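Engineer: Pasting in a structure now, in structure tokens, and then I'll have a few things to ask.
The values are calculated or read from the model by the stated rules, or taken from the named source; none is laboratory data. Here the structure is a predicted model, which means the values were calculated and not measured. Using ideal geometry, Cβ is built from the backbone for each residue, glycine included, and neighbour counts are taken over all protein chains shown.
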Amino acid sequence: MRRRAACALTSEKADRRGLAWIIGAFVLCPCHLPLTLWVVAALLSGTTVGALVLGHPYLAAAVLGVAWLGGTVYGFNLMRRARLQAYTERPSGGFLSDRPQP
């Protein structure tokens, strides 16, 4: 049985989604780590996860760094696939197909 996608992802939507992933990953960027760790600890204060973040800052920094890297790579991958899809879906087939055929 073949499964169909609920919503076809056009190249324009994939490009926008990739950009959104990159912008979202920018929040977790390691250069913002002191501020990010403080905000995470403040938001989760009084919980077990908050105590874990405050008790193990290096582990929390590693997790946030991996999340940043994963989000950035995924965003760039979506944008790359969108550009490839847009190029291959051209009705003319590229700039050389506009030339008259001998």
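Engineer: Which of the helices (runs of 4 or more DSSP H) found entirely inside region 25-98 contain at least 2 residues meeting this: modelled with pLDDT of 90 or more and surrounded by 10 or more Cβ atoms within 10 Å (Cβ to Cβ)?
Structural biologist: Correct list: 57-88.
Engineer: Here's a check for you: in region 6-24, which residue that is assigned to a helix (DSSP H, G or I) and among the aliphatic types (A, V, I, L, M) is modelled with the lowest pLDDT?
Structural biologist: First, the residues of region 6-24 that are assigned to a helix (DSSP H, G or I): 11-24.
Going one step further and asking which of them are among the aliphatic types (A, V, I, L, M), we end up with 14, 19-20, 22-23.
Values: 14: 86, 19: 91, 20: 93, 22: 93, 23: 92.
Only one residue fits best here, namely 14.
Engineer: Which residue pairs have Cβ atoms under 6 Å apart, sit 6 or more places apart or on different chains, and have a first residue in region 22-45 that is farther than 18 Å from residue 77 by Cα and a second that is surrounded by 14 or more Cβ atoms within 10 Å (Cβ to Cβ) and of a type in the set (Val, Ile, Thr)?
Structural biologist: Going by the 6 Å Cβ cut-off, the qualifying pairs are 40/53; 41/53.
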